[in-house]
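The values are calculated or read from the model by the stated rules, or taken from the named source; none is laboratory data. Predicted model only: the values in this text are computed from it and were never measured. No Cβ is skipped: glycine too gets one built from the backbone with ideal geometry, and neighbour counts run over all protein chains shown. Each accessible area value is taken on the protein alone, full model and side chains, heavy atoms only, with ligands, DNA and RNA left out. Shrake-Rupley method; radii C 1.70, N 1.55, O 1.52, S 1.80 Å.
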Amino acid sequence: MESESESGAAADTPPLETLSFHGDEEIIEVVELDPGPPDPADDLAQEMEDVDFEEEEEEEEGNEEGWVLEPQEGVVGSMEGPDDSEVTFALHSASVFCVSLDPKTNTLAVTGGEDDKAFVWRLSDGELLFECAGHKDSVTCAGFSHDSTLVATGDMSGLLKVWQVDTKEEVWSFEAGDLEWMEWHPRAPVLLAGTADGNTWMWKVPNGDCKTFQGPNCPATCGRVLPDGKRAVVGYEDGTIRIWDLKQGNPIHVLKGTEGHQGPLTCVATNQDGSLVLTGSVDCQAKLVSATTGKVVGVFRPETVASQPSLGEGEESESNSVESLGFCSVMPLAAVGYLDGTLAIYDLSTQTLRHQCQHQSGIVQLLWEAGTAVVYTCSLDGIVRLWDARTGRLLTDYRGHTAEILDFALSKDASLVVTTSGDHKAKVFCVQRPDR
């Protein structure tokens, strides 16, 4: 696979298990029990093979807290109308900012909100498993580890907590700077986060061994671990982009000036093999970057903005920005969602705009369905839409929220989409309908 030899240093560097992390007073050498086969990514997965998942199944049979969610009826709001959802989770008392599904079984969700609370609950019936208690600010980040044994929550003040799912017990916490983003490593119990001081943090969980990657003196606004597990791409408020070597702790590539963005980065995505990175910014540009060379190989802008060169940067930033983006897994296509409601489908092979799909209000996030050319969007009008990227046609939409959707997640088999909203609720929609 191309990603295994993308940087000259990757082939002769040690696997992630032997990373040096900084402890309180000294440097600690982390060495796992078995170095395993020579592929570093395989080593990471191997260390978790002995985890017993049977207790997770037992949790589904009962709920110690005894919460029972009643069907949500008579919700009053500016977007009141039909409710296509199958399940509504209503324990949050303020806007629900984030949602993530457990990757192993896709049966659990974790949500975090403006009420300083995070909950782990069951998708099938909305039943609460446990509350991730102890946060002191809005919970803006939440997610499960690669094997679904751990769940992490992070609030705006920078307090991060990790819980063991089967025991419902907190196993680790850390106070960093004001939190911008958080993500689990794709193959190991390693948590990464970006903070407002420009640092990207990496912890082994639950022992807490720590490593930091110091960026410019401005917030690290978005980040993503590349699929090989050896590098991460981080975007910053000053428009720069850095691709970090997670083992050596140094930036492999730095994109700044004309190579970077002319405004803060808002989002970043990688393709399946990690050879390409797509970055988005308030400057309305989406840049296609080679993760191997660190060079910009394409720049995409919506035609509505590109046709108005007289607009200054400030005016563009106020009127529009890139909010979300992603790669199709089966065709050379990329999707970019803009604050003005435009969904742009770009052909990567010709670097041309293929379709432009308009929404009634700003796009918050988009997700590609695995193995198809269907892209999902959620927007400020509270609606989830499914688009055929080959034709640009709207396939269907799902309604039920009475305020803007703030985040959503899609199950691996694309049977469920889970949304969170400013109406204080999370909803589960069944998206495999006969009419599709």
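Evaluate the following for S317: is it hydroxyl-bearing (S, T, Y), open to solvent by 10 Å² or more (accessible area, probe 1.4 Å) and either assigned to a loop (DSSP other than H, G, I, E, B) or modelled with pLDDT of 90 or more (or both)?
Working: hydroxyl-bearing (S, T, Y): yes; open to solvent by 10 Å² or more (accessible area, probe 1.4 Å): yes; either assigned to a loop (DSSP other than H, G, I, E, B) or modelled with pLDDT of 90 or more (or both): no.
Against the criterion (hydroxyl-bearing (S, T, Y), open to solvent by 10 Å² or more (accessible area, probe 1.4 Å) and either assigned to a loop (DSSP other than H, G, I, E, B) or modelled with pLDDT of 90 or more (or both)), S317 does not qualify.
Residues K287, K230, K256: which one is in contact with a Gly (Cβ under 8 Å, 6 or more places away or on another chain), charged (D, E, K, R) and in contact (Cβ under 8 Å) with a residue 24 or more places away in the chain?
On the way: K230 fails: in contact with a Gly (Cβ under 8 Å, 6 or more places away or on another chain); K256 fails: in contact (Cβ under 8 Å) with a residue 24 or more places away in the chain.
Result of the check over K287, K230, K256: K287.
Kindly provide the set of residues from the range 237-260 that are open to solvent by 10 Å² or more (accessible area, probe 1.4 Å), assigned to a loop (DSSP other than H, G, I, E, B) and not hydroxyl-bearing (S, T, Y), ordered by number.
Residues satisfying the conditions are E237, D238, K247, Q248, G249, N250, K256, G257, E259.
Do we find that L380 is in contact with a Ser or Thr (Cβ under 8 Å, 6 or more places away or on another chain), surrounded by fewer than 22 Cβ atoms within 10 Å (Cβ to Cβ) and more than 28 Å from L226 (Cα to Cα) in this structure? Steps first, please.
Details: in contact with a Ser or Thr (Cβ under 8 Å, 6 or more places away or on another chain): yes; surrounded by fewer than 22 Cβ atoms within 10 Å (Cβ to Cβ): yes; more than 28 Å from L226 (Cα to Cα): yes.
Criteria met by L380.
Within the range 98-114, does at least one residue satisfy the condition of being in contact with a helix residue (DSSP H, G or I) (Cβ under 9 Å, 6 or more places away or on another chain) and open to solvent by 50 Å² or more (accessible area, probe 1.4 Å)? Lay out the reasoning, then the answer.
Filtering the range 98-114 down to residues in contact with a helix residue (DSSP H, G or I) (Cβ under 9 Å, 6 or more places away or on another chain) leaves 102, 104-105, 107-108.
Checking which are open to solvent by 50 Å² or more (accessible area, probe 1.4 Å) leaves us with 104-105.
Within the range 98-114 (the criterion being in contact with a helix residue (DSSP H, G or I) (Cβ under 9 Å, 6 or more places away or on another chain) and open to solvent by 50 Å² or more (accessible area, probe 1.4 Å)), the answer is yes, since at least one residue qualifies.
Please determine whether any residue of the range 384-406 is open to solvent by less than 20 Å² (accessible area, probe 1.4 Å), among the aliphatic types (A, V, I, L, M) and in contact with a Phe, Trp or Tyr (Cβ under 7 Å, 6 or more places away or on another chain).
Yes, because at least one residue in the range 384-406 is open to solvent by less than 20 Å² (accessible area, probe 1.4 Å), among the aliphatic types (A, V, I, L, M) and in contact with a Phe, Trp or Tyr (Cβ under 7 Å, 6 or more places away or on another chain).
Wholly within the range 324-375, which strands (runs of 3 or more DSSP E) include no fewer than the required count, namely at least 3 residues that are open to solvent by 20 Å² or more (accessible area, probe 1.4 Å)? Step through it out loud before you land on a result.
Working: elements: 333-338, 342-347, 352-358, 363-368.
In the range 324-375, 352-358, 363-368 are the strands (runs of 3 or more DSSP E) which contain 3 or more residues that are open to solvent by 20 Å² or more (accessible area, probe 1.4 Å).
Just checking, which of S93, S124 is more than 19 Å from the chain's Cα centre (by Cα), farther than 30 Å from D413 by Cα and open to solvent by 20 Å² or more (accessible area, probe 1.4 Å)? Walk me through it before giving the result.
Working: S124 fails: farther than 30 Å from D413 by Cα.
Checking each option against the conditions leaves just S93.
For the range 334-350, check the following and say yes or no: at least one residue is modelled with pLDDT under 95, among the aliphatic types (A, V, I, L, M) and over 22 Å from K427 (Cβ atoms).
No, the conditions are met nowhere in the range 334-350.
Which residue out of D166, D155 is in contact with an Asp or Glu (Cβ under 8 Å, 6 or more places away or on another chain) and open to solvent by 20 Å² or more (accessible area, probe 1.4 Å)? Reasoning before the result, please.
Values: D155 fails: open to solvent by 20 Å² or more (accessible area, probe 1.4 Å).
D166 is the lone residue from the list that is in contact with an Asp or Glu (Cβ under 8 Å, 6 or more places away or on another chain) and open to solvent by 20 Å² or more (accessible area, probe 1.4 Å).
Please state which one of V190, V225, V205, V234 is under 19 Å from V299 (Cα atoms) and either open to solvent by less than 20 Å² (accessible area, probe 1.4 Å) or of a type in the set (A, V, I, L, M) (or both). Break it down stepwise before answering.
On the way: V190 fails: under 19 Å from V299 (Cα atoms); V225 fails: under 19 Å from V299 (Cα atoms); V205 fails: under 19 Å from V299 (Cα atoms).
Going through V190, V225, V205, V234 in turn, the sole match is V234.
If I ask for residues that are open to solvent by less than 40 Å² (accessible area, probe 1.4 Å), in a loop (DSSP other than H, G, I, E, B) and over 17 Å from A220 (Cα atoms), which ones from the range 261-302 would you list?
Listed by number, the residues that qualify are N271, G274, S275, C284, Q285, A291, G294, P302.
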